[in-house]
Amino acid sequence: MRLSQYYLPTLKETPAGAEIISHQYLLRAGLIKQTASGIYSWLPLGLLVLKNIENIIRDEIGAIEVLMPCVQPASLWRESGRYDDYGKEMLRIKDRHESDMLFGPTHEEVVTDLIRNTVKSYKDLPLCLYQIQWKFRDEVRPRYGVMRGREFLMKDAYSFDVDYEGALNSYNLMYKTYIKIFKRMGLTPIGVRADTGPIGGNLSHEFHILANTGESTLYYDNKLFELLESEDIESLKSIYAVADDMHDPESCPIPQEQLNVSKGIEIGHIFYFGDKYSRPMKASVTSQDGKNVNMHMGSYGIGVSRLVGAIIEAFHDDKGIIWPEAVAPFKVGLINLQTKVTEAADKIYKALKSDEVLYDDTDESVGVKFARMDLIGLPWQIIIGKKAVTSNIVEVKNRATGEVEEIQVEEAINRFSAK
């Protein structure tokens, strides 16, 4: 993509009210723009990152994709018993017929209604459906940009099983899948035992990444990272790892010298809640022995838009974002330093995949071009200066390490054509 033909409204100064680095860089790098408190427009560069995160989820999730409505009838929530309990975070509206509606903060009721009318036998189970859909929760004090907004993009999956053993298997499978998803994004996830909150149930884990600006304090056994490599799910689930609200120093089962304490950002949450929704909403199947049984359910969320902010919190420096290659909006930033090297720069651009290259072909100053490319944080920069004409040499910069090497034009083309 040629920058001269792209929409990338970067900012020199940090906007007022942007407290944490991810919020600052998201605005300054032209990924988002605030529309209202806690509500953002996603601009082209930010949308590419969202799509890359979505694609990794779709590759790994192992479930069937659906799309459920954002606006839901209140009648379903009254049926489950949650309508009056959910609180002011729910955006409640009326349609022109004065029917009570709401903008979905989550979709347990809708998916239960969907399944109860279509799945009637144990032979149709297990089943796991997921969607990537916008949600709305009317936060009292939206802050930290996309980290705690009111409107947000979420991957929410829902599993249906005939009994507890099947449901636990679905839960463990999703636990393992989450680790794979986050690792592919370049992250190190920590699964901690968690309160089930308004979703309900009696088994729940949150997934966090370590970051100094995290809102949660995590307490975990220092053996956890070894287990992450092995992906031994039962051991990971049983190892001591909790957030601050569940940590009791008096009853902590591991010695102080074995306990790590870090700040973390929540990026996912999984729940098993049995028949919390299937029982009141009469979502049942005929079991193998002919009995009518309520389906056992679980739900599994990943904050897709929140992840964009969390990744920036984990990967940045004082110059800007440092995107992991798997989620970067473009893999390469091609920088044309002067008019006399345009032919060489155009040649490289045409030889590479245009959807993986952002080509700065503008007539702005060298300083502006370098600063902007560091700010938006593409993993690699190919810098075309006068040596491209005199010696057929370009500079290649690794954004994460800052290392710069000089290589032949053909080598640069071959290297980044293969990526």
Is region 214-224 home to any residue that is out of contact with any strand residue (DSSP E or B) (no Cβ under 9 Å at 6 or more places or on another chain), under 21 Å from residue 186 (Cα atoms) and open to solvent by 20 Å² or more (accessible area, probe 1.4 Å)?
-> yes
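Condition (residue is open to solvent by 30 Å² or more (accessible area, probe 1.4 Å) and either outside any helix (DSSP H, G or I) or modelled with pLDDT under 95 (or both)) applied to region 18-32: is it met by at least one residue?
Within region 18-32, one or more residues are open to solvent by 30 Å² or more (accessible area, probe 1.4 Å) and either outside any helix (DSSP H, G or I) or modelled with pLDDT under 95 (or both).
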Identify all residues within region 251-274 that are more than 18 Å from the chain's Cα centre (by Cα) and either of a type in the set (Phe, Trp, Tyr) or not assigned by the TED database to the domain that holds residue 158 (or both); write none if there are none.
-> 272, 273
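Identify the residue in region 70-107 that is of a type in the set (Asp, Glu) and in a loop (DSSP other than H, G, I, E, B) and, among all such residues, is least open to solvent (accessible area, probe 1.4 Å).
In this case the residue turns out to be 95.
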Enumeration of residues in region 108-136 that are surrounded by fewer than 16 Cβ atoms within 10 Å (Cβ to Cβ), in contact with a Ser or Thr (Cβ under 8 Å, 6 or more places away or on another chain) and in a loop (DSSP other than H, G, I, E, B) = 120
Subset of region 343-360 that is open to solvent by less than 50 Å² (accessible area, probe 1.4 Å) and farther than 13 Å from residue 384 by Cβ - its residue that is modelled with the highest pLDDT = 358
Which strands (runs of 3 or more DSSP E) does region 186-259 wholly contain that include 2 or more residues that are in contact with a helix residue (DSSP H, G or I) (Cβ under 8 Å, 6 or more places away or on another chain), of a type outside the set (Lys, Arg) and under 18 Å from residue 314 (Cβ atoms)?
-> 190-193, 203-210, 216-221
Is there any pair with a first residue in region 57-68 that is at pLDDT 95 or above and a second that is surrounded by fewer than 17 Cβ atoms within 10 Å (Cβ to Cβ) whose Cβ atoms are under 6 Å apart and which are 6 or more apart or on different chains, and what are they?
-> 60/180
Those strands (runs of 3 or more DSSP E) lying entirely in region 271-312 with at least 2 residues without any contact (Cβ under 8 Å) to a residue 40 or more places away in the chain and surrounded by fewer than 24 Cβ atoms within 10 Å (Cβ to Cβ) = 292-294
Please find, within region 228-243, the residue that is farthest from residue 260 (Cα to Cα) out of those that are in contact with a strand residue (DSSP E or B) (Cβ under 9 Å, 6 or more places away or on another chain) and not aliphatic (A, V, I, L, M).
-> 237
Selection from region 137-151 of residues that are open to solvent by less than 50 Å² (accessible area, probe 1.4 Å) and closer than 26 Å to residue 60 by Cα = 146, 147
Within region 328-342, track down each residue that is open to solvent by 40 Å² or more (accessible area, probe 1.4 Å), over 26 Å from the mean Cα position of the chain (by Cα) and touching a residue at least 40 places away in the same chain (Cβ under 8 Å).
-> 337, 338, 340
Give the residues of region 350-375 that are touching a residue at least 40 places away in the same chain (Cβ under 8 Å), over 14 Å from residue 12 (Cβ atoms) and assigned to a helix (DSSP H, G or I), sorted by residue number.
-> 351, 354, 355, 356, 373
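The values are calculated or read from the model by the stated rules, or taken from the named source; none is laboratory data. Since we're looking at a predicted model, the values are computed, not measured. Cβ sites come from the backbone with ideal geometry, for glycine too, and all protein chains shown count toward neighbours. What goes into the accessible areas is simple: the full protein's heavy atoms, side chains included, and nothing from ligands, DNA or RNA. Shrake-Rupley method; radii C 1.70, N 1.55, O 1.52, S 1.80 Å.
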